[in-house]
Structures are given as C-alpha cells and as structure tokens.
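The values are calculated or read from the model by the stated rules, or taken from the named source; none is laboratory data. Predicted, not measured: the structure shown is a model, and the values here were computed from it. Every residue, glycine as well, gets a Cβ built from its backbone with ideal geometry; the counts of neighbours run over all protein chains shown.
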Amino acid sequence: MRPLRVFGDCNVFISILIGGSMKPLRDYLFSTDVDLVVSEELLAEIVDVGERSRLRRHFDTEKLHAFIALLREVGDLVEGPKKPPKRSRDPDDDYLLGLSEAGKAGILLTGDADLLVLVKHKRTRIMNAGTFIKEFVG
C-alpha cells in the first residue's frame, strides 16, 4: 500500500511541539505509512508562530529549530502557486489549499474552522487531528 500523503497546517505542528495527546499523531506522521508534504512557506510560518513568547513555556527555540530540521529531512518539499485563487473564507488560508493541491496531498490536517468547513478541496480531504487519529492511527 502506498503511503498516505499528508499536509499539515501550522497549528497542527505547533500542537505536536507542545506535546501531550498529539504524540500518536506525531509518531504516525513520521512513520513509513505517511509521506509528509511541507513547504518553505509553511516552515517559515511554524518558526514565526513557534518563536512567540507565549509558547516558550512549552518548548524552547532549540527544540523548535530541531523540529524544523526534522520536517525538512523527512518531508516532501513542494512549492505552491505564487498567487493562489480565493478558495476559503479566510484568504490567508488559501495558500494551504494551493500547497495541498501542488503536493497531491490526500489529507490536509488543520484546526482552522475556515478550512474545516470546506471538508474537501479537489482530491484533498480536510480534517482535524482528532478525526485523523481516530480514522488512521487507531
């Protein structure tokens, strides 16, 4: 069986860095069952959000940058459209839809209601981490 191609939103990766109930998701995303799709734009957003002072109590800058290095190493780096067309209620989320399409992702993981309401974008299912864990991780 071919690995599932998964693209995750920044909020999913920040939650993984924080830890807790996201450990099964982290382990599955970094397994051979998944081709993790990433982009430079996504990695930059994770760093930007991860360096905010309110998150420092959960993880330090060293852990954040080690995590980014891991995503670069295991992820399939894709480039999305320069100007993605409007597809969601929040134009700031449109790049994620463009990247999931460019990366041929089967799943877009997000906690963002503006994306979750879409349920699907072309061939990509849009779901939150809890639903993904129940359906794929067990």
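Residues of the stretch 98-138 that are closer than 12 Å to Leu25 by Cβ and not in a loop (DSSP other than H, G, I, E, B): Ile107, Leu109, Met127, Ala129, Gly130, Thr131, Phe132, Ile133, Lys134, Glu135, Phe136, Val137. Would it be correct to say that Ile46 is surrounded by 19 or more Cβ atoms within 10 Å (Cβ to Cβ) and touching a His at 6+ places or on another chain (Cβ under 9 Å)? So Ile46 fails the test. The condition (being in contact with a Lys or Arg (Cβ under 9 Å, 6 or more places away or on another chain), under 14 Å from Cys10 (Cβ atoms) and part of a helix (DSSP H, G or I)) is satisfied by just one residue among Leu71, Leu64, Leu43: Leu43. Reported count of residues in the stretch 58-75, each being surrounded by 15 or more Cβ atoms within 10 Å (Cβ to Cβ) and either charged (D, E, K, R) or in contact with a strand residue (DSSP E or B) (Cβ under 9 Å, 6 or more places away or on another chain) (or both), is 2.
One line per residue, one yes/no per condition, for (1) within 12 Å of the chain's Cα centre (by Cα); (2) of a type in the set (Asp, Glu); (3) at pLDDT below 95:
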position: Glu41; (1), (2), (3): yes, yes, yes
position: Asp48; (1), (2), (3): no, yes, no
position: Arg57; (1), (2), (3): no, no, yes
position: Phe67; (1), (2), (3): no, no, no
position: Lys83; (1), (2), (3): no, no, yes
position: Arg87; (1), (2), (3): no, no, yes
position: Asp90; (1), (2), (3): no, yes, yes
position: Ser100; (1), (2), (3): yes, no, yes
position: Thr110; (1), (2), (3): yes, no, no
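Does Arg26 satisfy being basic (Lys, Arg), at pLDDT 95 or above, surrounded by 14 or more Cβ atoms within 10 Å (Cβ to Cβ) and not in a loop (DSSP other than H, G, I, E, B)? Here the answer is no, as Arg26 does not meet what is asked.
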